[in-house]
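The values are calculated or read from the model by the stated rules, or taken from the named source; none is laboratory data. Predicted model, so just to flag it, every value in this text is computed and none were measured. Backbone-built Cβ (ideal geometry, glycine too); neighbour counts: all protein chains shown.
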Amino acid sequence: MKYIDPFGLETRALTFEGVDWGSSSFGHTATDINGTTYTYGPNGMTVLPTSEYLERNNFRDARALTLDLTPEQERKLEKRMKWLVDKGSYGPLGNNCTDPLENALEEQGYDLGINVTPSGLHDALNNQSLITGESYYPRGSSNEAPSWYQSAPWAGW
């Protein structure tokens with residue numbers, strides 16, 4: 001998986017498929033702002049180049065929703081993401097990976113409802129008028145699970 005925002009003008013909500021039985025089984029949400037990914041987890045907010053982040057997560061499929069934000073909205077979103085570095089207390093049901101993006105967009109007037117799972121936030125974003133496109137990133141072929149392996153029943157899309 002490799003992605004480069006050629007113009008530095010895109011903000012995307014990245015939703016990763018749930019896999020396995022542990023913390024990855026519910027999926028994950030991250031935010032790509034102009035080629036930099038902000039991802040919130042048990043260790044707090046991590047900031048990485050998007051191409052590196054996608055490569056690290058090529059063990060699962062990903063969908064990216066391109067958000068139709070003004071430059072000012074994007075600046076506010078990025079400021080909020082940067083503010084969260086070294087802040088907050090992660091929880092799997094409250095203040096999880098979906099909350100930084102969800103809260104930042106709600107502060108800007110988007111009503112996304114309550115979303116506990118990444119797929120729930122993905123669906124809520126799709127129901128707003130701020131999506132301009134969607135991309136799909138399949139897992140790497142070297143990361144295919146053996147035919148006998150099965151993820152948790154709730155994992156996947």
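Can you say whether GLY120 is in a helix (DSSP H, G or I), free of Cβ contacts under 8 Å to residues at least 60 places away in the same chain and more than 11 Å from the chain's Cα centre (by Cα), as far as the supplied structure shows? Considered against the rule, which asks whether it is in a helix (DSSP H, G or I), free of Cβ contacts under 8 Å to residues at least 60 places away in the same chain and more than 11 Å from the chain's Cα centre (by Cα), GLY120 comes out as yes.
No other residue among LEU77, LEU65 is surrounded by 14 or more Cβ atoms within 10 Å (Cβ to Cβ) and either among the acidic types (Asp, Glu) or in contact with a Lys or Arg (Cβ under 7 Å, 6 or more places away or on another chain) (or both) apart from LEU65.
Looking across segment 85-107, the residues that are part of a loop (DSSP other than H, G, I, E, B) and surrounded by 15 or more Cβ atoms within 10 Å (Cβ to Cβ) come down to TYR90, ASN96, CYS97, THR98. Please indicate, with yes or no, whether at least one residue in segment 63-79 is more than 19 Å from LEU105 (Cβ to Cβ) and under 13 Å from the mean Cα position of the chain (by Cα). No - not one qualifying residue is present in segment 63-79.
Restricting the search to strands (runs of 3 or more DSSP E) fully inside segment 1-52 and requiring at least 1 residues that are more than 14 Å from the chain's Cα centre (by Cα) and at pLDDT below 90 gives 44-49.
Across segment 123-133, the number of residues qualifying as assigned to a loop (DSSP other than H, G, I, E, B) and surrounded by 15 or more Cβ atoms within 10 Å (Cβ to Cβ) comes to 1.
Please specify each residue of segment 113-130 satisfying the condition of being of a type in the set (A, V, I, L, M) and either under 22 Å from SER25 (Cα atoms) or modelled with pLDDT of 95 or more (or both).
Within segment 113-130, the first condition is being of a type in the set (A, V, I, L, M), and the residues that meet it are 114, 116, 121, 124-125, 130.
Within segment 113-130, ILE114, VAL116, LEU121, ALA124, LEU125 qualify.
Regarding ARG56, is this residue among the basic types (Lys, Arg) and under 20 Å from THR117 (Cα atoms)? The answer is no for ARG56.
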